[in-house]
Amino acid sequence: MGKLMRRLSTQDQSFKQAFADLLAFETVSDPELLKTVDQIIADVRQHGDAHVLKLTQQFDRHPAHQFSDLELTQEQLKAAFEGLDHDVREALELAANRIREFHQAQKQEGWTYVDALGNTLGQKITPLDRVGIYVPGGLASYPSSVLMNAVPAHVAGVAEIIMVVPAPNGELNPLVLAAAYLAGVHRVFTIGGAQAVAALAYGTETVPGVDKITGPGNRFVAAAKRAVFGQVGIDMIAGPSEILVYAEGDNNAKWLAMDVLSQAEHDTVAQAIFITPDEQLLNEVEQAIEEHLAALPKAEIARTSIANRGALVLVKDRQEAIDLINQVAPEHLELCLDEAQEMSEQIRHAGAIFMGRYTPEAIGDYCAGPNHVLPTSGTARFSSPLGVYDFQKRSSLIMCSQEGVKTLAKTADVLAQQENLDAHARSARYRYQ
């Protein structure tokens, strides 16, 4: 058996290139994939429910005979929620309440002010009318994804939340349905893949078209979201899950190793990176990872992930680590050291920052409160976690007073003439002459 994970050191001459190679990854660039997705979208636009049903029967082996069999009722969602074991139901409610409380703090109201000329200016904030949330399906699916997408939409005041979730062989995790009930989802369709994204984007006879689509999915879903962007809004093009763990000082290597594996078990192309200036700790974490893998149910997935895209990185000092972290812009960042908050102030790019030795990333996935839908593949350089703001839009407010318009209209007149837009200039001129 080969090396468990690649080991890199910033002191090696080849480090810069090796680290760049580690980060290189493209999510949805396969021309054949894009061609297939474009055809699915075109067929759904043309044939509506019938084609979505056909593909759902084909790809998901769903036993539905007609499209109406693919929609769940509120009674079914409620029954799933009420049928949960007490401890599971209690955990789901606690998570939902914490997520709702956090996102309530994000909610913004519109504002106005009157300038020195007597003109009223401001911004109006309104919720989107209808959104679609995509939830990965099957028995190994994620109720936490339902909460993280639907709760902020609900808090934002979205009038109608449509959920799509594939049901392979007609099977669904009752927890997903319970979470949909708890989060206030209005309609649920058991469809998935590019066909579900197309149905949400363009609407069918039964599935209403939405204004925005959020939520994670496989590469077909990611490619479809990219293709329909412009017809609808999307949250992001999500890549594989990522974690970067930085540790120094007194740490438990077994804890750190399991944190690394917590994301590696998601997917064979997930990325897990461990960085430290302490070579002994690096060795201990490597050994602990190997020991944990012997007992993990998803060991093969995790082992493939860390072998292909994982790394143990030895740095000279904390500042080198900070520079690397900002280069990676990781989805999840753990800072396991005494001065975690102090170090976090120097982190410019990260989806979520978990500070201190008692804050595993897994807490953020379920019940800390902040959203776990985070930018991946370096996009934390310019984007943010999913939030209430993603389900709201802003309109500018401008109201000129009879006196206040005179100064502004003269200015607009002059600038419009410089741009050779005569109608603009005259329109402004009428207000002050």
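The values are calculated or read from the model by the stated rules, or taken from the named source; none is laboratory data. The structure displayed is predicted, hence computed values, not measured ones. In this analysis, Cβ positions are derived from the backbone assuming ideal geometry, glycine residues included, and neighbour counts consider all displayed protein chains.
The table for this structure:
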item	result
Of the criteria (1) more than 16 Å from the chain's Cα centre (by Cα); (2) crowded, with 18+ Cβ neighbours inside 10 Å; (3) part of a loop (DSSP other than H, G, I, E, B), which one residue 286 fails	(3)
Top-ranked residue in segment 209-232 [being in contact (Cβ under 8 Å) with a residue 24 or more places away in the chain and among the small types (Gly, Ala, Ser); ranked as nearest to residue 159 (Cα to Cα)]	209
When residues of segment 224-248 are limited to those that are at pLDDT below 95 and small (Gly, Ala, Ser), the one surrounded by the most Cβ atoms within 10 Å (Cβ to Cβ)	238
Which numbered condition residue 400 fails, given (1) buried (at least 17 other Cβ atoms within 10 Å of the Cβ); (2) under 26 Å from the mean Cα position of the chain (by Cα); (3) more than 19 Å from residue 257 (Cα to Cα)	(2)
Elements of type helices (runs of 4 or more DSSP H) in segment 292-387, at least 2 residues being farther than 30 Å from residue 93 by Cβ, more than 14 Å from the chain's Cα centre (by Cα) and in contact (Cβ under 8 Å) with a residue 24 or more places away in the chain	299-309, 318-328
Per-region count, segment 267-283, residues surrounded by fewer than 19 Cβ atoms within 10 Å (Cβ to Cβ) and in contact with a Ser or Thr (Cβ under 6 Å, 6 or more places away or on another chain)	1
Residue match in segment 1-19 (condition: hydrophobic (A, V, I, L, M, F, W, C), farther than 30 Å from residue 320 by Cβ and either over 27 Å from the mean Cα position of the chain (by Cα) or modelled with pLDDT of 95 or more (or both))	yes
Candidates 110, 170 - the one that is in contact with a His (Cβ under 6 Å, 6 or more places away or on another chain), of a type outside the set (Phe, Trp, Tyr) and more than 19 Å from residue 238 (Cα to Cα)	170
From 56, 112, 36, residue being surrounded by fewer than 17 Cβ atoms within 10 Å (Cβ to Cβ), β-branched (Val, Ile, Thr) and in contact with a Gly (Cβ under 8 Å, 6 or more places away or on another chain)	112
Subset of segment 401-427 [among the β-branched types (Val, Ile, Thr) and under 13 Å from residue 117 (Cβ atoms)]	405, 407, 411
Residue 259 vs. criteria surrounded by 23 or more Cβ atoms within 10 Å (Cβ to Cβ), under 25 Å from residue 15 (Cα atoms) and not aliphatic (A, V, I, L, M)	yes
Sole exception among (1) closer than 20 Å to residue 377 by Cβ; (2) free of Cβ contacts under 8 Å to residues at least 12 places away in the same chain for residue 8, by number	(2)
Qualifying residues in segment 54-78 (those that are in contact (Cβ under 8 Å) with a residue 60 or more places away in the chain and more than 27 Å from the chain's Cα centre (by Cα)) - the one farthest from residue 40 (Cα to Cα)	76
Flag for residue 16 being loosely packed, with under 14 Cβ neighbours inside 10 Å and assigned to a helix (DSSP H, G or I)	yes
Segment 308-355: number of residues that are of a type in the set (Asp, Glu) and touching a Phe, Trp or Tyr at 6+ places or on another chain (Cβ under 9 Å)	1
Identity of the residue in segment 294-333, acidic (Asp, Glu) and out of contact with any Asp or Glu (no Cβ under 6 Å at 6 or more places or on another chain), that ends up surrounded by the most Cβ atoms within 10 Å (Cβ to Cβ)	320
Selection within segment 129-147 - touching a Phe, Trp or Tyr at 6+ places or on another chain (Cβ under 8 Å), at pLDDT 95 or above and either among the small types (Gly, Ala, Ser) or surrounded by fewer than 21 Cβ atoms within 10 Å (Cβ to Cβ) (or both)	144
Residue within segment 38-52 that is touching a residue at least 24 places away in the same chain (Cβ under 8 Å) and within 30 Å of residue 309 (Cα to Cα) present	yes
